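Asks: Questions regarding the structure given below will be posed in turn.
The values are calculated or read from the model by the stated rules, or taken from the named source; none is laboratory data. This structure is a prediction, so every number in the text was calculated from the model and none was measured. Glycine also receives a Cβ, built like all others from the backbone with ideal geometry; neighbour counts cover every protein chain displayed. Ligands, DNA and RNA are stripped out before the accessible areas are found, and what is left, the full protein with its side chains, is counted by its heavy atoms. Shrake-Rupley method; radii C 1.70, N 1.55, O 1.52, S 1.80 Å.
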Amino acid sequence: MEIVLTGIKPTGTSHIGNYFGAIKQAIEFSKNPNYLSMFFIADYHSLNTIKNPELLKQYTYEIAATWLGCGLDPNKVIFYRQSDLPEIFELNWILNNVTPKGLLNRAHAYKAKVEENKNNNLDADSGINMGLYCYPVLMASDILIMKANKVPVGQDQKQHIEIAKEIARYFNNAFGSCLTVPEEYIPESVGTIVGLDGRKMSKSYGNTINLFGNEKLLKSQINKIVTNSQTPEEPKDTNCSIFKIFSLFANKQQIEEMKARFAQGIGWGEVKKITFEVANSFLSSMREIYNYYINNPKEIDRILEEGSLKARKIAQKTLNEVRKLIGKV
Ligand code: ADP
Ligand code: TRP
């Protein structure tokens, strides 16, 4: 059976960009009986940015509750925490030794930071830790240890999957075919979800709509979506952030109705009010499940522990093959 695997790093509170860009597709996959789904919380990937233990714990539980709120069924999906699998970190070290440094020099996140440093007249490596630099190798380890076939991710993760493929090939060439070369799964139709200000929605830009904020927060975030100064009577272009965000939550009929109202002229306040109603009814039952788990972290621990036991069996099998190939006695 093909393995579908994806992870999310707990570096902040999840937003609708995470849901529509990544989580939704992964959950859909998990309902397909032809695949074995493995979803995890990439908590050690967060360490290069988060140095506050309480915050890491909080975000880890939040991401776990997010997956569950979005419909992950722990009876169907192997759901685990990366840090509970020591096998990943052993493979990580082994893979470091077949990974050319030049491959990591080209990684977007690292290159962007170097560029930023240069522009600020700082040393090229200022503020860059090895966790950031080696991030793609750890991600490759997450994927390759499970011999994943398909990895559903957002567009911004494409390069990381390319790197994982390269690393698998380097290992197989050096030691013998063992690791599965994975394939990214990036649905064309999804693309990038826009944020309140029209840029990519991202916690680093502070332009997000929280996935599971309460109604009050949802309303206030939707009200912050940037519009223009057109009067209510003027016909409006649907190529704008609010329409795009509305369309994520609306059904076909609601979208057609909104298009017609844009053509006639509608006030931005009214558009925001309708967007809130549609988004809130989309999210409210998911939010209930999320709230249940966030208030019952022991339940989350239990689910993740069970998942880790299953995941470790697969990881140990791969690691044993790898150890043999490299000549570990
Ligand atoms: P952020 O940019 O807010 O830090 P992450 O990097 O933690 O988000 O992203 C987690 C997952 O959500 C990734 O698979 C990423 O591709 C997806 N994702 C994040 N933001 C967006 C967005 N604006 N549009 C589409 N997908 C997104
Ligand atoms: N780097 C991914 C992100 O920022 C998270 C991640 C870590 C991941 N390991 C992974 C995604 C393995 C897919 C497969 O979103």
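Residues checked against (1) within 16 Å of ligand 1 (Cβ to nearest atom); (2) free of Cβ contacts under 8 Å to residues at least 40 places away in the same chain:
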site	(1), (2)
LEU95	no, no
ALA112	yes, yes
LEU138	yes, no
MET146	no, no
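Asks: While we're on this one: Pick from LYS165, LYS158, LYS147: which is open to solvent by 60 Å² or more (accessible area, probe 1.4 Å) and either assigned to a helix (DSSP H, G or I) or modelled with pLDDT of 95 or more (or both)?
Replies: Values: LYS165 fails: open to solvent by 60 Å² or more (accessible area, probe 1.4 Å); LYS147 fails: open to solvent by 60 Å² or more (accessible area, probe 1.4 Å).
Step by step, each of LYS165, LYS158, LYS147 is checked, and only LYS158 is open to solvent by 60 Å² or more (accessible area, probe 1.4 Å) and either assigned to a helix (DSSP H, G or I) or modelled with pLDDT of 95 or more (or both).
Asks: I need the full set of residues from the stretch 181-198 which are on the phi < 0 side of the Ramachandran plot and in contact with a Ser or Thr (Cβ under 9 Å, 6 or more places away or on another chain), in order please.
Replies: In the first step, residues of the stretch 181-198 are kept if they are on the phi < 0 side of the Ramachandran plot; the result is 181-190, 192-197.
Passing the criteria: TYR185, VAL194, GLY195, LEU196, ASP197.
Asks: Still on this structure, please answer the following. Anything in the stretch 168-186 that is in a helix (DSSP H, G or I) and hydroxyl-bearing (Ser, Thr, Tyr)? List them, or say none.
Replies: To start, the set of residues in the stretch 168-186 that are in a helix (DSSP H, G or I) comprises 168-175.
Once the filter is applied, which keeps residues that are in a helix (DSSP H, G or I) and hydroxyl-bearing (Ser, Thr, Tyr), the stretch 168-186 yields only TYR170.
Asks: Restricting attention to the stretch 188-206, which residues are in contact (Cβ under 8 Å) with a residue 24 or more places away in the chain, in a loop (DSSP other than H, G, I, E, B) and away from ligand 2 (no atom under 15 Å from the Cβ)? Break it down into steps so the answer makes sense when it comes.
Replies: Taking the stretch 188-206 first, the residues in contact (Cβ under 8 Å) with a residue 24 or more places away in the chain are 190-198, 200-203.
If we keep only those that are in a loop (DSSP other than H, G, I, E, B) too, we end up with 190-193, 195-198, 201-202.
If the condition is that a residue be in contact (Cβ under 8 Å) with a residue 24 or more places away in the chain, in a loop (DSSP other than H, G, I, E, B) and away from ligand 2 (no atom under 15 Å from the Cβ), then GLY191, GLY195, LEU196, ASP197, GLY198 are the ones that fit.
Asks: A further question follows. Among the residues of the stretch 185-205, how many are within 6 Å of ligand 1 (Cβ to nearest atom), open to solvent by 40 Å² or more (accessible area, probe 1.4 Å) and more than 15 Å from CYS240 (Cα to Cα)? First the steps, then the outcome.
Replies: Within the stretch 185-205, the first condition is being within 6 Å of ligand 1 (Cβ to nearest atom), and the residues that meet it are 192-193, 200-204.
Of the ones still in play, those that are also open to solvent by 40 Å² or more (accessible area, probe 1.4 Å) are 192, 200, 203-204.
Those left that are additionally more than 15 Å from CYS240 (Cα to Cα): 203-204.
Residues meeting the conditions: 2.
Asks: Separate question: Which condition from (1) under 29 Å from the mean Cα position of the chain (by Cα); (2) open to solvent by 90 Å² or more (accessible area, probe 1.4 Å) is the one that LEU304 breaks?
Replies: For LEU304, the exception is condition (2).
Asks: Between GLN253, GLN264, which is without any contact (Cβ under 8 Å) to a residue 60 or more places away in the chain, out of contact with any strand residue (DSSP E or B) (no Cβ under 9 Å at 6 or more places or on another chain) and over 18 Å from THR227 (Cα atoms)? Show your work before the answer.
Replies: Values: GLN264 fails: over 18 Å from THR227 (Cα atoms).
Of the residues listed, the single one that is without any contact (Cβ under 8 Å) to a residue 60 or more places away in the chain, out of contact with any strand residue (DSSP E or B) (no Cβ under 9 Å at 6 or more places or on another chain) and over 18 Å from THR227 (Cα atoms) is GLN253.
Asks: Residues GLY176, GLY102: which one is on the phi > 0 side of the Ramachandran plot and out of contact with any strand residue (DSSP E or B) (no Cβ under 9 Å at 6 or more places or on another chain)?
Replies: Details: GLY102 fails: on the phi > 0 side of the Ramachandran plot.
Unique residue meeting the criteria: GLY176.
Asks: Using beta carbons and a limit of 9 Å, which pairs, at least six apart or on different chains, have the first residue in the stretch 61-86 and on the phi > 0 side of the Ramachandran plot and the second one outside any helix (DSSP H, G or I)?
Replies: Once the first residue is on the phi > 0 side of the Ramachandran plot and sits in the stretch 61-86, its partners that are outside any helix (DSSP H, G or I) give GLY71/LYS31.
Asks: Go through the stretch 1-97 and tell me which helices (runs of 4 or more DSSP H), entirely inside it, have 3 or more residues that are closer than 19 Å to ILE161 by Cβ.
Replies: Values: elements: 24-30, 53-69, 86-96.
Qualifying helices (runs of 4 or more DSSP H): 24-30, 86-96.
Asks: Of the residues ILE222, ILE294, ILE245, ILE209, only one is more than 26 Å from PHE39 (Cβ to Cβ), of a type outside the set (D, E, K, R) and either without any contact (Cβ under 8 Å) to a residue 12 or more places away in the chain or surrounded by 14 or more Cβ atoms within 10 Å (Cβ to Cβ) (or both); which? I'd like the intermediate steps shown before the answer.
Replies: Working: ILE294 fails: more than 26 Å from PHE39 (Cβ to Cβ); ILE245 fails: more than 26 Å from PHE39 (Cβ to Cβ); ILE209 fails: more than 26 Å from PHE39 (Cβ to Cβ).
Criteria check complete, one pass: ILE222.
Asks: Which one is nearest to LYS165 (Cα to Cα) among residues in the stretch 114-136 that are buried (at least 16 other Cβ atoms within 10 Å of the Cβ) and away from ligand 1 (no atom under 16 Å from the Cβ)?
Replies: Ranking the candidates gives CYS134 first.
Here is a yes/no grid of residues against (1) without any contact (Cβ under 8 Å) to a residue 24 or more places away in the chain; (2) crowded, with 20+ Cβ neighbours inside 10 Å; (3) more than 11 Å from ligand 2 (Cβ to nearest atom); (4) among the polar types (S, T, N, Q):
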{"site": "ILE3", "(1), (2), (3), (4)": "no, no, yes, no"}
{"site": "GLY7", "(1), (2), (3), (4)": "no, yes, no, no"}
{"site": "ALA22", "(1), (2), (3), (4)": "no, yes, no, no"}
{"site": "GLN25", "(1), (2), (3), (4)": "no, yes, yes, yes"}
{"site": "ASN34", "(1), (2), (3), (4)": "no, no, yes, yes"}
{"site": "ASP43", "(1), (2), (3), (4)": "no, yes, no, no"}
{"site": "LYS51", "(1), (2), (3), (4)": "yes, no, yes, no"}
